[in-house]
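All of the numbers you see were taken from the coordinates with simple rules; none came from a lab. Remember, predicted model here, so these are calculated numbers, not experimental data. Neighbour counts are summed over all protein chains in view; Cβ atoms, including those assigned to glycine, are modelled from backbone coordinates with ideal geometry.
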Amino acid sequence: MDGVIDNSGSAVPPLNYIIGRELEFKSKDTNGDMYMQGDHFFVSCFLKTHWTRKENSPYFFNNENYFIRTLLNKDHLILQSQKNKNIIYVSYHSKEDPLTPANFKELTMQILKILGYDVSLNLIDENKIDGKFIKNLDHG
């Protein structure tokens, strides 16, 4: 691989996409994966997933399952750097992203830079909204 272009990717996977129904949210209707809303209804939908935190299940989602999906994993990034440091990383991320916090992306890119990678993190703020390429500070 020669390069990675990232647009609002999650450095730490949101658990609600993996085991969302098992998480205890304060409001079940605002933490789904997708929403449908009309004048008189609001429907919150969840992805069908077999992952669970029930330890006796064959689909038990343990810590290792989470760590392998986490880009902000220092140990994995060190192992990667031992294999190939010739990867260019370019990332665009909103400072106000409600789904994937920018601070996790900043930490990931800092670690990659320390490990010797060519890194470019473009944090998007209100000054960069142009109405064409960047329309708002939401996710993506």
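Can you tell me the order of 80-93, 120-133 when each peptide is scored by its average per-residue count of other Cβ atoms within 10 angstrom, highest first?
Highest to lowest by the protection proxy: 80-93, 120-133.
Take the chain, connect every pair of alpha-carbon atoms lying under 10 Å apart with a spring to form a Gaussian network, then pick out the residue of 101, 58, 13 with the largest mean-square fluctuation.
58
In whole percent, what relative contact order does the chain give with Cα contacts below 8 Å and a gap of six or more residues?
Taking the mean separation of contacting Cα pairs over the length of the chain, I get 29 percent.
When a/c reaches 1.5 or more, the comparison of a/b and b/c decides; with that in mind, is the chain rounded, prolate or oblate per its Cα gyration tensor?
Oblate shape, in that a/c is at least 1.5 and b/c is the bigger or equal ratio.
Would you count, across the range 3-128, every pair of lysines whose alpha carbons are under 20 angstrom apart, provided the pair is eight or more residues apart or spans two chains?
Lysine pair count for the range 3-128: 13.
Mind listing the long-range amide H neighbours of residue 134? Cut-off is under 5 Å, sequence gap 5 or more, other chains count too, H placed in the peptide plane at 1.01 Å from N.
none
Please compute the modelled spin-label separation between residue 120 and residue 49, points set 7 Å along Cα→Cβ, answer in nm with one decimal.
3.3 nm
To the nearest 20 debye, what is the magnitude of the charge dipole of the chain about its Cα centre, counting +1 on the Cβ of each Lys and Arg and -1 on the Cβ of each Asp and Glu?
Rounded to the nearest 20 debye, it is 320 debye.
DSSP loop GluC sites (Glu not before Pro) in the range 31-98 with at most 12 other Cβ atoms within 10 Å of their Cβ, which ones?
Qualifying residues, ordered by number: 55.
Calculate, in nm to one decimal, what residue 34 and residue 138 gain on full extension: separation in residues at 0.36 nm each, minus their alpha carbon distance.
Result: 35.9 nm gained on full extension.
Kindly provide the trypsin sites (Lys or Arg not before Pro) of the range 47-79 that DSSP labels as loop, not H, G, I, E or B, and whose Cβ sees at most 16 other Cβ atoms within 10 Å.
Qualifying residues, ordered by number: 48, 53, 54, 69.
So for the pair residue 88, residue 107, with labels modelled 7 Å out along Cα→Cβ, what separation do we get in nm?
2.9 nm
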